[in-house]
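This report concerns only the one structure given below.
The values are calculated or read from the model by the stated rules, or taken from the named source; none is laboratory data. Just so it is clear, the model here is predicted, and its values are computed rather than measured. Cβ atoms come from the backbone with ideal geometry, glycine included; neighbour counts cover every protein chain shown. SASA here: full protein model, heavy atoms, side chains in, ligands and nucleic acids out. Shrake-Rupley method; radii C 1.70, N 1.55, O 1.52, S 1.80 Å.
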Amino acid sequence: MTTTRRVLVSGASIAGPALAWWMQRYGWETVVVERADELRTAGQNIDVRGAGREVARKMGLEDAIRAAGTGELGTRFVGRDGRTRAELPAGTGDTDGATAELEILRGELARILVDHSRETTDYRFGTTIAALDDRADGIDVTFADGREETFDVVVAADGMRSRTRRLVVGDAAQIQPKGMYTAYLTIPRVASDTDWWRWYSAPGGRSVTLRPDNLGTIRATLSFLSPPRGYEDLDDAAQRDLLCRLFADAGWETPRVLDGLRHAEEYYFEQVGQVHSPIWHHGRAALVGDAAYCASPVSGMGTSLGLTGAYVLAGELASHIHHRDAFAGYERIMRPYVDQAQDLPPGTPRLANPRTRAGVAALHGVLALAATPVARSVGARLFRPPADRIELPDYTHLERAGA
């Protein structure tokens, strides 16, 4: 008699639910634990491109993602007076454009993925993994509430600052700062707002953006260049005070954003960075998505890496009897794709956040040229990440009949 294998996934955002769906498709019993007490539906605009979009198609989710899209028409770079300096319409294919054809809120995509896998996956909210004990015939898991269970494989899919990652690879993984901090928040929509992503650059290496969503609100960001200073460790009130001081004279619609910041419930602040790790697994445990190889928000590749990594990891686990061989296959297939995604254009993010007024004017001039009809294809490529530079393996033969 064949015993059903069990996988425990930490993290119910993008990569975690996607991995759970594929694993049950191959006959595994799937459990997902999430630190939050309920599904976190907050989050900013993300795009589904290239290989990530192909995985969504394989899951039968492309139409659901399109139906829940933000409706963003493209990107407009604006000046202090609000006038458009350059305009790049949304892409019309799988990979092109600063705004992808499939734009969706992170929380909306997480909801779709969880709903798609909920019937076949045991979701446990409000709990975390406290300890792992790797043995020859399984991995014993101790949860934060003291409960213990045994699984065949454990996967950390709980984000760039994953707490589970250290239990898997120790200090091997490092977060490399990219010289910028960003705050994300949701503010009320007003009559003057449009369905374009509006990007304003202010001197001092600062930028303010406003993006539409499908919920009747506006998603705003405040970004500024800075070496690591530990701002991400400040408490909530101190972070908001810092942002108000740094952006007080920025201009454009910044006062409105700062007013929203004082009252915003959906708010997140981070030091922009990448996760680099020489290994993505140890024993019976592995990493996937941002926990393994976050490429940073400025890469435009987070969602594609999460969906693609989940697809490949699940397929390799289903293809091999021994987890060791599955993890080796996963790293062999994904490592080149991840390396491309993390290889940001020279000067990123500094070039998009000039420190002087002359630098802002030069940026707008380059973008205006790139946005002309003759050069628009070149302009689109400036914002086209390597989202499709991987040949996805075909694991169809591994799926259970009728799954």
Region 10-77: which chymotrypsin sites (Phe, Trp or Tyr not before Pro) are DSSP loop and have at most 16 other beta-carbon atoms within 10 angstrom?
none
What does the charge add up to near Gly306, with Lys and Arg as +1, Asp and Glu as -1, over the other residues with Cβ less than 14 Å from its Cβ?
-1
Could you pull out the trypsin sites (Lys or Arg not before Pro) across region 214-320 that fall in loop regions by DSSP (anything but H, G, I, E, B) with no more than 10 other Cβ atoms inside 10 Å?
none
Computed over the chain: longest principal axis from alpha-carbon atoms vs helix 302-319 long axis, angle to nearest 10 degrees, is 10 degrees
Charge sum, other residues only, whose C-beta stays under 12 Å from Arg161's C-beta, Lys/Arg counted +1 and Asp/Glu -1:
-1
Once the Cα atoms of helix 15-25 and of the chain are each reduced to a long axis, what angle between those two axes, in degrees from 0 to 90 to the nearest 10, is obtained?
40 degrees
Per residue, how much accessible area does the chain have with a 1.4 Å probe, in Å²?
43 Å²
Per DSSP, the loop-located GluC sites (Glu not before Pro) within region 248-348 having at most 12 other beta carbons within 10 Å are Glu265
Rounded to whole Å and sorted largest first, list the principal axis extents of the Cα atoms in the chain.
72, 46, 36
What is the percent carbon and sulfur in the accessible area of region 105-250, measuring with a 1.4 Å probe over the protein chains and ignoring ligands?
48 percent
Nearest 10 degrees, 0 to 90: what angle lies between the long axis of helix 236-246 and the longest principal axis of the chain (Cα atoms)?
30 degrees
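What does the charge add up to near Met23, with Lys and Arg as +1, Asp and Glu as -1, over the other residues with Cβ less than 15 Å from its Cβ?
Charge balance near Met23 sits at +1.
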At R0 = 22 Å the Cβ-Cβ FRET efficiency linking His276 and Ser319, nearest 0.05, sits at 0.25
